[in-house]
Amino acid sequence: MWFPVIFMMVDRSALTYRRMMEAVTTVGLWLSSLSIVFLLSQLAGVAYRDWLFDILPRSLHVEGFAISYPIVWDSPIYKSNGWIMLEPSFMSFTLGVCFMTALLTRARVWKVVWLFLGILTTVAGSGFAIIGVGVLAMLLCGQYSLLRRYVIPGVIVTAIAIPTAIGQVFVERVTEVGETNSSAAMRSFEPYLYLVPRWIHEPWSVWVGFGAGSSRQAVEGSGTDGLIAPMVGKVFYEYGFFAGAALLALAVVPFMRAHERALAATLLAQFFLLQPPAQPIIVPAFIVVTLWSPAPWGYQEAGTGDDEEEPPDRRRKRRHLTRQAD
């Protein structure tokens, strides 16, 4: 909790930040390739197996994670965690962040499409939640020029993907928010059905809370497997109104004055509304937002205020500066 508030990069210039985002996009391409190979190997007849579980000593094993499971009931095809991620949702979330860095750095179309395909193989909604909120945030921030070149390829890839078995799973996930005990419901509004009534029933708890860890005990005591204590509900339920508000403000501070407002707002919305603060999900936020905040005064977000492509002379100057930095 304190790490992103205390630590920051020494060089937070626009050039260095952009190079970081380009590097994150490259890492995402490798992860996406691994995720696609994960799926293709199963289609080729190689059954899924948790190789790391067999190779690593038991002292390095972790419990309580949904490592992978079939895309639909009784299917031989498992959701992709790329063998190295704890859960498919973690792979999906990470690739979603890489997808956003690709958009914000005007990456080539094939790179964005490749990242999109990698997210599809995870058959998890975390990455698409990042994309949906992120694109909306970019539009609200006036970054239209960054999205134009991807519209037609995006429509084509989506039209091809929807009729497939994986595409149909995603279509069902879009409408599941209102369904009881669905994954989306258990991450968004359903936990509050257990937390809020008890919180307001005992007036003293509104001000001082029930204590650290009590929200997790409450949702686990509900008898519903997979129910998650959301961040906003957690801080108020456990620490009361005043301390909870202070902790919530502390969580917001590292996302303020970010280099890319759309990216910061997207990740913050995920943590507040959908995602638990698990380490594999928080680390990408550290890498692309919090460790680079606050941005230097005068930093201009990518693509804002200019609908044209980067002029050749400016592109040559940026490459020259990059070589000097190397």
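Of Ser68, Ser75, Ser80, Ser32, which residue is within 30 Å of Leu227 (Cα to Cα), modelled with pLDDT of 95 or more, among the hydroxyl-bearing types (Ser, Thr, Tyr) and open to solvent by less than 40 Å² (accessible area, probe 1.4 Å)? If you could, list the steps in order and put the result at the bottom.
Values: Ser68 fails: modelled with pLDDT of 95 or more; Ser75 fails: modelled with pLDDT of 95 or more; Ser80 fails: modelled with pLDDT of 95 or more.
One residue alone meets the criteria, Ser32.
Report, ordered by the first and then the second residue, all pairs with beta carbons closer than 6 Å, sequence separation of six or more or different chains, a first member in the stretch 124-145 that is over 30 Å from Pro70 (Cβ atoms), and a second member that is of a type in the set (Asp, Glu).
Note: pairs meeting the criteria are Ser145/Asp307.
For every residue, the table says whether it meets (1) under 23 Å from Val208 (Cα atoms); (2) modelled with pLDDT of 90 or more.
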| site | (1), (2) |
| --- | --- |
| Phe242 | yes, yes |
| Leu263 | no, yes |
| Pro276 | yes, no |
| Arg315 | no, no |
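Residue by residue through the stretch 76-116, note down the ones that are assigned to a loop (DSSP other than H, G, I, E, B), on the phi < 0 side of the Ramachandran plot and not polar (S, T, N, Q).
So the first thing to find is which residues in the stretch 76-116 are assigned to a loop (DSSP other than H, G, I, E, B), and the list is 76-77, 79-87, 105-108.
Now restrict to residues that are on the phi < 0 side of the Ramachandran plot: 76-77, 79-81, 84-87, 105, 107-108.
Selection gives Pro76, Ile77, Lys79, Ile84, Met85, Leu86, Glu87, Ala107, Arg108.
Could you tell me whether any residue of the stretch 42-56 is of a type in the set (S, T, N, Q) and under 30 Å from Leu263 (Cα atoms)?
Let us first name the residues in the stretch 42-56 that are of a type in the set (S, T, N, Q), namely 42.
Right, trim to under 30 Å from Leu263 (Cα atoms) and you get none.
No: the stretch 42-56 contains no residue that is of a type in the set (S, T, N, Q) and under 30 Å from Leu263 (Cα atoms).
May I ask you to verify whether Trp73 is without any contact (Cβ under 8 Å) to a residue 12 or more places away in the chain, under 23 Å from Ala23 (Cβ atoms) and either assigned to a loop (DSSP other than H, G, I, E, B) or not hydroxyl-bearing (Ser, Thr, Tyr) (or both)? Please lay out each step first, then the result.
Numbers: without any contact (Cβ under 8 Å) to a residue 12 or more places away in the chain: yes; under 23 Å from Ala23 (Cβ atoms): no; either assigned to a loop (DSSP other than H, G, I, E, B) or not hydroxyl-bearing (Ser, Thr, Tyr) (or both): yes.
So Trp73 does not fit the description; no.
Would you please name the residue that is surrounded by the most Cβ atoms within 10 Å (Cβ to Cβ), looking only at residues in the stretch 93-126 that are of a type in the set (Phe, Trp, Tyr) and in contact with a Leu (Cβ under 9 Å, 6 or more places away or on another chain)? Before you say what the answer is, go through the steps one by one.
First, pick out the residues of the stretch 93-126 that are of a type in the set (Phe, Trp, Tyr): 93, 99, 110, 114, 116.
Applying the additional criterion that residues be in contact with a Leu (Cβ under 9 Å, 6 or more places away or on another chain) yields 99, 114, 116.
Values: Phe99: 27, Trp114: 19, Phe116: 23.
So, considering only residues that are of a type in the set (Phe, Trp, Tyr) and in contact with a Leu (Cβ under 9 Å, 6 or more places away or on another chain), the one surrounded by the most Cβ atoms within 10 Å (Cβ to Cβ) is Phe99.
May I ask you to list the residues in the stretch 194-210 that are loosely packed, with under 12 Cβ neighbours inside 10 Å and of a type in the set (Val, Ile, Thr)?
Ile200
Condition first: at pLDDT 95 or above, in contact with a Cys (Cβ under 7 Å, 6 or more places away or on another chain), open to solvent by 20 Å² or more (accessible area, probe 1.4 Å) and over 30 Å from Leu227 (Cβ atoms). Can you find one or more residues in the stretch 1-21 that meet it?
Checking the stretch 1-21: not a single residue is at pLDDT 95 or above, in contact with a Cys (Cβ under 7 Å, 6 or more places away or on another chain), open to solvent by 20 Å² or more (accessible area, probe 1.4 Å) and over 30 Å from Leu227 (Cβ atoms).
Sort out which residues of the stretch 187-209 are assigned to a loop (DSSP other than H, G, I, E, B) and either modelled with pLDDT under 85 or out of contact with any helix residue (DSSP H, G or I) (no Cβ under 8 Å at 6 or more places or on another chain) (or both), and write them in order of number. Step through it out loud before you land on a result.
Going residue by residue through the stretch 187-209, those that are assigned to a loop (DSSP other than H, G, I, E, B) are 188-189, 202, 209.
Result: Ser188, Phe189, Glu202.
Please return the ranges of helices (runs of 4 or more DSSP H) entirely within the stretch 210-293 where 3 or more residues are within 24 Å of Met20 (Cα to Cα). Lay out the reasoning, then the answer.
Details: elements: 214-220, 231-252, 261-273, 279-288.
Correct list: 261-273, 279-288.
When the stretch 135-146 is examined, which residues are found to be over 12 Å from Arg261 (Cα atoms) and open to solvent by less than 20 Å² (accessible area, probe 1.4 Å)?
Listed by number, the residues that qualify are Ser145, Leu146.
The values are calculated or read from the model by the stated rules, or taken from the named source; none is laboratory data. Here the structure is a predicted model, which means the values were calculated and not measured. All Cβ positions, glycine included, derive from the backbone under ideal geometry; neighbour counts span all protein chains shown. For the accessible areas, the whole protein counts, side chains as well, though only heavy atoms, and no ligand, DNA or RNA atoms are used. Shrake-Rupley method; radii C 1.70, N 1.55, O 1.52, S 1.80 Å.
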